[in-house]
Amino acid sequence: RQLMQAEARNRGECNFWQRRSECSKRSAAATLLIDLSGSMEGKKSLAALQAAVLFVEALAPLGVPTSVKGFKRRVVPIKEFSDALDQRSRNRIAGMLQQVGAVNNDAKAIRETAQELSQLSVDDRVLIVISDGEPVGENGSNNLRRALQEWEPQISIAGLGVGPGTAHVRRYYRWGKGNIPLEQLSREVGLVLRQALKIGA
């Protein structure tokens, strides 16, 4: 727990969280959706864990409802909107690394998490997807595009490709960035939130 909290406090690339203690007057909610397929095993999943820690620890003081989910063939709940950011939630986030394995279904995961976000009574909704591979399956690419087209007008969806060989995310997400070095992933998550929620302006 202490390591997780220290990570949220001390990473220099996210100092912008300290510039303001509140976001815009518009209400908002945010979900972090993390690829937990087998290709994420090792340093990639650790970088995603660090990003998840910063995500929840930074938004909690601002009163922004957050959820963290993993995805493989199905969505893996990690922290729900209704969960307090307590020791139990932090333990579930830390245990995320134990869930890595199998293959992913990007479109199904995005539809499910976007549907949940859409039901919240807030002005702005943000969904950040961390992944390192192309959508799998015979029609995986088309399914992902359709899922994004269904929800992007209502929800700000960002795709972040972690590690080399992930430039493909820009083909699917209007708000996408690929080939992100592992050590910069947390920073990129923070920058997406800063822009989407007008934090630290």
Inset, instruction - For Glu80, indicate whether it is open to solvent by 20 Å² or more (accessible area, probe 1.4 Å) and closer than 19 Å to Trp175 by Cα. - result: no
Inset, instruction - Taking Ala48 as the residue in question, decide whether it is part of a helix (DSSP H, G or I), closer than 27 Å to Gln195 by Cβ and modelled with pLDDT of 95 or more. - result: yes
Inset, instruction - Could you tell me whether Ala107 is part of a helix (DSSP H, G or I), buried (at least 21 other Cβ atoms within 10 Å of the Cβ) and out of contact with any strand residue (DSSP E or B) (no Cβ under 7 Å at 6 or more places or on another chain)? - result: yes
Inset, instruction - Just need a number here: residues in the stretch 83-94 that are open to solvent by 10 Å² or more (accessible area, probe 1.4 Å) and touching a strand residue (DSSP E or B) at 6+ places or on another chain (Cβ under 6 Å). - result: 1
Legend entry - Restricting the stretch 85-104 to residues that are in contact (Cβ under 8 Å) with a residue 24 or more places away in the chain and assigned to a loop (DSSP other than H, G, I, E, B), the residue that is nearest to Val64 (Cα to Cα): Leu85
Inset, instruction - Kindly list the number of the only condition in (1) surrounded by fewer than 17 Cβ atoms within 10 Å (Cβ to Cβ); (2) farther than 18 Å from Ser186 by Cα; (3) at pLDDT below 95; (4) touching a Leu at 6+ places or on another chain (Cβ under 9 Å) that fails for Leu97. - result: (2)
Inset, instruction - Inspect the stretch 30-45 for any residue being in a strand (DSSP E or B), in contact with a Pro (Cβ under 8 Å, 6 or more places away or on another chain) and crowded, with 20+ Cβ neighbours inside 10 Å and give the result as yes or no. - result: yes
Inset, instruction - Can you work out which of the residues in the stretch 153-168 that are over 14 Å from the mean Cα position of the chain (by Cα) and open to solvent by less than 30 Å² (accessible area, probe 1.4 Å) is modelled with the lowest pLDDT? - result: His168
Inset, instruction - Starting from the stretch 138-156, take each residue that is within 16 Å of Val169 (Cβ to Cβ) and hydroxyl-bearing (Ser, Thr, Tyr) and list its partners that are modelled with pLDDT under 95 and open to solvent by 100 Å² or more (accessible area, probe 1.4 Å), counting only C-beta distances under 9 angstrom and pairs at least six apart or across chains. - result: Ser141/Arg171; Ser156/Gln195
Inset, instruction - List every residue pair whose Cβ atoms sit under 7 Å apart, with the two residues 6 or more apart in sequence or on different chains, where the first one lies in the stretch 61-84 and is closer than 16 Å to Leu193 by Cβ and the second, anywhere, is surrounded by fewer than 22 Cβ atoms within 10 Å (Cβ to Cβ) and among the basic types (Lys, Arg). - result: Lys79/Arg92
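The values are calculated or read from the model by the stated rules, or taken from the named source; none is laboratory data. Computed from a predicted model, the values in this text were never measured in an experiment. Positions of Cβ are backbone-derived with ideal geometry, glycine not excepted, and every protein chain shown enters the neighbour counts. The area values use the complete protein model at the heavy-atom level, side chains included, leaving out ligands, DNA and RNA. Shrake-Rupley method; radii C 1.70, N 1.55, O 1.52, S 1.80 Å.
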